[in-house]
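Each reported figure results from applying straightforward, stated rules to the coordinates on display, with no laboratory input. Every value quoted in this text rests on a predicted model; they were computed, and no experiment measured them. Cβ atoms come from the backbone with ideal geometry, glycine included; neighbour counts cover every protein chain shown.
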2 protein chains.
Amino acid sequence: MFVRNTTGRSLCPNSLTDLGITSESNPGVSSSVLIYKKGKAIFSEKESAEYVYQVIRGAARSYKLLSDGRRQIGAFHLAGDIFGLENSGTHRFTTQAVVETTLRLIRRQTLEMVAETDPAVSRNLLRMTTSNLEHAENHMLLLGRKSSSERVAAFLLEMDKRLTATNSMALPMYRRDIADYLGLALETVCRVLSRLHGAGVLDFTAGSHREIVLLDRERLANLDPPD
Amino acid sequence: MFVRNTTGRSLCPNSLTDLGITSESNPGVSSSVLIYKKGKAIFSEKESAEYVYQVIRGAARSYKLLSDGRRQIGAFHLAGDIFGLENSGTHRFTTQAVVETTLRLIRRQTLEMVAETDPAVSRNLLRMTTSNLEHAENHMLLLGRKSSSERVAAFLLEMDKRLTATNSMALPMYRRDIADYLGLALETVCRVLSRLHGAGVLDFTAGSHREIVLLDRERLANLDPPD
DNA sequence: CGGGGGCTTGAGGCCACTCAACGATAGTGG
DNA sequence: CCACTATCGTTGAGTGGCCTCAAGCCCCCG
């Protein structure tokens, strides 16, 4: 099976190379594969972190909840992504499968042991954490200062970059998920998408409204202000 | 500008211990101290990262700008904080001194060299990056899902925890900074503070409205919903 | 004492939210 | 195969929280 890694660099039959682990240098590192049904929890906030996960197929959402049910999704994890990397030993998000999702599990303890002796692995852990940080930093700007159309435009461009197989993208997540990722009401997400559809920026493929074709990436990019 | 270039040892024997560097194990690591005037840029977004900084006195703000001037402050750096740690080699924020601020500068390259050979330093780099990530994750929840009063309450509690010397705290930052940190208009911040003042939750010391006394931390904590 | 920067307060407007109804789609069991 | 249902998505009406614009106040500092 082939998976796409997050940087889109190279396809790798051994997915652990993303962490800098190769079967030659670390023959002892093993992993198992599990399938999670739609909506199934993978781990919960404040739980101790047993495993690190890599998405093989499907998608997952990581979120925080307020006591009254308000939810903020911090990230979506798509095919190739690695998540659950908590150096504190405790998960800071609850993570669920958005749709039926196949994951590879790696024991965290194993990973840490390898990192202790192998500086390359250690560097990769840091690099991945930094990349998560960078995403969060950009998302703070979006959540704090962007309008609803700018948020949706940014979202579509992000997804376009991350899950494009063909020129039509099949969004795995629901409108509610998009809304909770963008800090909007789900009706607002609908309305913006409708407006973009009416303006000829995007199209829905017949049937599923989660399959979207971007017709005018440039106009979309103009909606998402730079700097 | 005022510059002193010294070794870490002679200036402050323990200043680098936050990074896991001690003068015994790494006698060669040197640092210099600079004073930045109010509003002075320390580094800019997309600039290459030459140094890592530690706040000795004062405060700094790290932010991103949109082309039309909208600003999102990602973090404030107070006395003791280390910032500018960019593993990518490029700064992702612009950082300025909020008030007159004294900083210790450490060459990034030196730090990386030490990290390469000393796994303890390497672990500390990861731990600090993780701690930044955790802050950003919590801030996403605030920016995406909290009301204006909840945001201000959370802000006051955060500052109370981070810069309390006495029971009155001297906020170094302006209302505009608070607003841009919380994703609000500066007038909204004012209004919430006024309301809290009227409700007897906090008090302004005579004169400066940036010196605040928290009278009722419990009521403040109730405004910031848990979970 | 005058000027300027920062803070506060008010009036009014708008963007996004809530509430609500309806439509579409997929899954299920008879 | 087709009701039946649950779930997801869309659209409309109306509201409200926060924003914008504007004026005035206070303090610091030259």
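If you take each beta carbon of peptide B:109-121 and count the beta carbons of other chains within 10 angstrom, what is the mean?
Whole-number average of other-chain Cβ neighbours for B:109-121 is 1.
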### Summary
Sorting from shortest, the nanometre distances separating the label point of residue A:47 (7 Å past Cα along the line to Cβ) from those of the same residue in the other copies are 4.4
### Query
Say a label goes 7 Å from Cα toward Cβ at residue B:79 in every copy; what distances in nm does this one have to the rest, shortest first?
5.5
### Query
Whose amide H sits under 5 Å from the amide H of residue A:49, counting only residues 5 or more places off or on another chain, with H placed in the peptide plane?
A:90, A:91
#### Entry: Amide N of the stretch B:27-67 lying under 19 Å from the label point, which is placed 7 angstrom from the Cα of residue B:208 along Cα→Cβ
B:36-40, B:55-61
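Mean Kyte-Doolittle of at least -1.0 and a Cα length of 24 Å or more along the axis: which whole DSSP H helices of chain A meet both? Show your work: numbers first, answer last.
Working: long enough: A:119-145 (39 Å, -0.30).
Span-like helices, by this rule, are A:119-145.
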### Query
So what are the stretch A:24-97's ellipsoid semi-axes, whole angstrom, largest first, if each one is the square root of 5 times an eigenvalue of the alpha-carbon gyration tensor?
24, 15, 10
### Task
Give, rounded to the nearest 20 debye, the magnitude of the charge dipole that the protein assembly as shown has about its Cα centre when Lys and Arg contribute +1 at Cβ and Asp and Glu contribute -1 at Cβ.
700 debye
### Summary
tail above 30 Å in the computed P(r) of chain A, as % of all Cα-Cα pairs, reads 27 percent
### Query
Of A:40/A:146; B:64/B:161; A:40/B:146; A:37/A:161, which sit over 29 Å apart, Cα to Cα?
A:40/A:146
### Query
When the Karplus curve 6.51 cos²θ - 1.76 cosθ + 1.60 is applied with θ = phi - 60°, which whole-Hz ³J(HN,Hα) does each residue of the stretch B:64-76 get, with x for Gly and Pro?
10, 10, 9, 4, 8, x, 4, 10, 10, 7, x, 6, 9
